[in-house]
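Here the structure is laid out as structure tokens; the discussion comes afterwards.
The numbers here are math on the coordinates, done by the rules we state, and not lab data. Remember, predicted model here, so these are calculated numbers, not experimental data. Virtual Cβ from ideal backbone geometry, glycine too; neighbours counted across all protein chains shown.
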Amino acid sequence: MTILPSPLPRFARLFLPRNVVAITLGRRIWVARELPPAEMEMVLRHEMVHVRQMEELGVPRFLWRYVSEYLRNRLRGMDHDAAYRAISFEREAFAVE
């Protein structure tokens, strides 16, 4: 696993809101900025759940299901934050924070 404390990758910045702290793709975790140790630990616990989810499903299948759930939630009338937090992968990851 690789943790990259650097700006989010260019491809990610095109699709993500500015307040995103971290993103995981496969076994790589990008953390957008320095965080206090307790917050970094919480973020890494969350992101490690996504690493496991992607290992189990494969990255393409994970991304397909993730985006599909988000879009379904938006079509149900949820705002961005509610739609994001309702994604099954996110619910599981938030549970370990």
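Each label point is 7 Å from the Cα along the Cα-to-Cβ direction; what then is the distance between the points at R52 and E34, in nm?
3.1
Taking the simple approach of a point 7 Å from Cα along Cα-to-Cβ for both R72 and R91, what is their distance in nm?
That separation, rounded to one decimal, is 1.1 nm.
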